[in-house]
Amino acid sequence: MARHSALSSDDLRFFVVVTGASSLAAASRSLDVSRSAVTQRLNQLESRLGCRLLDRTTRHLRLTEEGQLLLDRARSILEGLDEISDTLGERQDVVSGHLRISAPLGFGRRYIAPLAAAFRRKNPAVTITLTLTDRPAIADENKCDLIVHIGELKDSSLVMVRLAANDRLACASPAYLAARGEPVRPSDLSAHTCLALRQNEEDVTLWRFVDRQRNTIPVRVSPAMSSNDGEAVRAWALAGLGVMVRSEWDIADDIASGRLQRVLSRFRLPSADVVALLGKRGGRTARANAFLKLLQQHFHPNPWRPPE
């Protein structure tokens, strides 16, 4: 294979996106181009470098030794370029560079995507990659400037900034409760159909209630239906298919309108506050700090709770 022109920063960004995807099809969706366009550009990149960078099949991508070397150097170079953009931008009071955000699927669609759009309109020198996933906190910490997380958080080297309070609530549709009756105590759930949301590698079949005397009452449920998509579980509950435990941010409107009814309200479930995870202040980019500020402004006051 013949060598041609030197690599550009666009080439490096393209390669980082492709290697971060599970397949060429996933890469094409991230880049908003056709799969054939991704394949063609990847072939051209390999031709210019004179080596194979990725072994690819229909479903999988695997880095070659040369590809891993390029990926490591590309990340280092791009981080350096972003730091230069940040430094020069700060002198001119301009936020610039590439902002990488990871957020939960449903919450990210409803809240973070619109905020990312607003941030881009205000800061046109910034480019943004928003990754929506059912496991945002497990995202590679080196690949994200800011991670929005909800719920239990395992060990992390990142700094946590609380954005908004968010309770977990047990609820069901009025039609389901009319047909099956309302549970009075957590143990009553054994006689009910339960729906579960699988996320963040939590044990979703163990529902931990706390009574007013702060006694913990664990209940092991056997979900009749489960999904990693909160919207699907919510739709099942609205359709009268069972009792679910869901974040307050997602069902506050449903409860206020009567489409869903809270059950076991004398008991509390572990809260699932919305937090932002970032690097330590000294190594944090100006664009990450600016986006964090926008998040804090948007979530104060809490958008899913009426003013007190």
Checklist entry - Any chance the range 277-290 includes a residue that's out of contact with any Lys or Arg (no Cβ under 8 Å at 6 or more places or on another chain) and modelled with pLDDT of 95 or more? => result no
Checklist entry - Only one residue in Arg246, Arg284 is among the basic types (Lys, Arg) and either assigned by TED's automatic domain parsing to the domain that holds Gly80 or in contact with a helix residue (DSSP H, G or I) (Cβ under 8 Å, 6 or more places away or on another chain) (or both), so which one is that? => result Arg246
Checklist entry - If you go through the range 195-228, how many residues are among the β-branched types (Val, Ile, Thr), surrounded by 15 or more Cβ atoms within 10 Å (Cβ to Cβ) and within 21 Å of Lys154 (Cα to Cα)? => result 1
Checklist entry - So Lys293 clears everything in (1) surrounded by 15 or more Cβ atoms within 10 Å (Cβ to Cβ); (2) under 30 Å from Gly80 (Cα atoms) except one condition, right? Which one? => result (1)
Checklist entry - What number of residues within the range 229-256 satisfy the criterion of being over 22 Å from Trp304 (Cα atoms) and either buried (at least 21 other Cβ atoms within 10 Å of the Cβ) or not small (Gly, Ala, Ser) (or both)? => result 2
Checklist entry - For the range 150-193, how many residues meet the condition of being touching a residue at least 24 places away in the same chain (Cβ under 8 Å) and within 19 Å of Ala239 (Cα to Cα)? => result 15
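The values are calculated or read from the model by the stated rules, or taken from the named source; none is laboratory data. In this text the structure is predicted, and so the values were computed from the model without any measurement. Backbone-built Cβ (ideal geometry, glycine too); neighbour counts: all protein chains shown.
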